[in-house]
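Structure record follows, encoded as structure tokens.
The values are calculated or read from the model by the stated rules, or taken from the named source; none is laboratory data. Nothing here was measured: the structure is a model prediction, and the numbers come from that model. Virtual Cβ from ideal backbone geometry, glycine too; neighbours counted across all protein chains shown. These area figures cover heavy atoms from the full protein model, side chains too; ligands, DNA and RNA do not enter into them. Shrake-Rupley method; radii C 1.70, N 1.55, O 1.52, S 1.80 Å.
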Amino acid sequence: MPEGDTVFLAASRLHAALAGEKLLATEFRVPRPVRTSRGPTYKLGPRSSFATDLSGQVVREVAARGKHLLLRTDAGTTLHTHFKMEGAWHLYRPGERWRGPDFQVRAVLRTEPWVAVGFRLAICELLPTASEHEVVGHLGPDVLGPDWDPAEAVRRLRADPDRAIGTALLDQRAIAGPGNIYKSEVCFLRGVDPWTPAGKVEDLEGMVDLLKRLMEANRTTGSQLTTGDTRPGRTHWVAARTGKPCRRCGTPIRKADQPSYDGERVTYWCPTCQPGPGPPTTRRR
Ligand SMILES: [Zn+2]
């Protein structure tokens, strides 16, 4: 599942390929334009296709903001996309065969050297660049952004002190970028039970600093590596390792659902290395 470093890497690649290039043709395979206060937006829906022409506009830059990707043109237009669980942008040379089913294509941007194809995009909308704050203004400090502010991230994580830290870490309004894997991994590495109230986490500054260092280290690969071991099956401490022995103490790793801003998400932890309240028994599995 794409996390902030994945989106950062996607933005870097798209920027390197497209910045300064003129769009020769564009296509957005989303249901219909919707007019809102910020102008026409194009929301994802049932499969259909219509042309929205950005041709002639030059790509100024492609930037990541948390898990949001913003492609800006010289005409003051922003293409805002979000991967959610499984989106991706691919780059192809003109004429090259696309590696993905046609029906999952949401956006096609053609330039002379490259064709950028957006697959399974959960959000795909156009808006004036001047109105970007309406779609990303709610985000907390961006772990991989130029405006990273760890003190403000800690303040926002603690703002709701009774909320479980595993829930708080996924709240993009508190801290933009981390996803489910980093949530479980940093809690393990700091020895913190993910159900510990945010206000009771000792050295939350240290946890946020570790998160930053891990995501920074992975931003050129998008691999979400946390163990330093790239061999298959060894890349994480607890994530997706249910029932397997903890790499530190041998206790079987557990998993349980934990609320997040967009529904329940699975949290993994070692009950020995991360002593604490644990999940409510009704959610235990
Ligand atoms: Zn353990």
Only residues that are open to solvent by 70 Å² or more (accessible area, probe 1.4 Å) and either under 16 Å from T226 (Cα atoms) or within 16 Å of the ligand (Cβ to nearest atom) (or both): list them for the stretch 266-285, please. T272, P275
Any residue at all in the stretch 71-86 that's under 25 Å from H138 (Cα atoms) and basic (K, R)? yes
Count - residues of the stretch 166-191 that are under 23 Å from T272 (Cα atoms), touching an Asp or Glu at 6+ places or on another chain (Cβ under 8 Å) and in contact (Cβ under 8 Å) with a residue 40 or more places away in the chain: 4
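The rows are residues; the columns are (1) open to solvent by 20 Å² or more (accessible area, probe 1.4 Å); (2) within 16 Å of the ligand (Cβ to nearest atom); (3) farther than 24 Å from T281 by Cβ.
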{"position": "I175", "(1), (2), (3)": "no, no, yes"}
{"position": "V186", "(1), (2), (3)": "no, yes, yes"}
{"position": "V208", "(1), (2), (3)": "no, no, yes"}
{"position": "T227", "(1), (2), (3)": "yes, yes, yes"}
{"position": "E264", "(1), (2), (3)": "yes, no, no"}
May I ask you to list the residues in the stretch 230-240 that are loosely packed, with under 14 Cβ neighbours inside 10 Å and either farther than 24 Å from D193 by Cα or hydrophobic (A, V, I, L, M, F, W, C) (or both)? T230, R231, P232
Of the conditions (1) open to solvent by less than 10 Å² (accessible area, probe 1.4 Å); (2) within 30 Å of T26 (Cα to Cα); (3) among the β-branched types (V, I, T), V136 clears all except one; give me its number. (1)
Looking only at the stretch 204-234, which residues are under 19 Å from P2 (Cα atoms), in a loop (DSSP other than H, G, I, E, B), more than 14 Å from the chain's Cα centre (by Cα) and among the small types (G, A, S)? G233
Out of curiosity, is S260 within 23 Å of G140 (Cα to Cα) and either within 16 Å of the ligand (Cβ to nearest atom) or surrounded by fewer than 17 Cβ atoms within 10 Å (Cβ to Cβ) (or both)? no
When you check G243 against the structure, is it under 20 Å from C273 (Cα atoms), open to solvent by 30 Å² or more (accessible area, probe 1.4 Å) and either assigned to a loop (DSSP other than H, G, I, E, B) or not acidic (D, E) (or both), yes or no? yes
Take A168 and tell me if it is closer than 27 Å to R254 by Cα, open to solvent by less than 40 Å² (accessible area, probe 1.4 Å) and modelled with pLDDT under 95. no
Return yes or no: is D203 more than 16 Å from the ligand (Cβ to nearest atom), among the charged types (D, E, K, R) and in contact with a Lys or Arg (Cβ under 8 Å, 6 or more places away or on another chain)? yes
Residue ID - nearest to the ligand (Cβ to nearest atom), chosen from residues in the stretch 188-200 that are open to solvent by less than 10 Å² (accessible area, probe 1.4 Å) and within 23 Å of G228 (Cβ to Cβ): F188
Do we have R219 as surrounded by 12 or more Cβ atoms within 10 Å (Cβ to Cβ) and within 13 Å of the ligand (Cβ to nearest atom) here? no
Counted residues in the stretch 229-257 being within 14 Å of the ligand (Cβ to nearest atom), out of contact with any Ser or Thr (no Cβ under 9 Å at 6 or more places or on another chain) and among the small types (G, A, S) come to 1
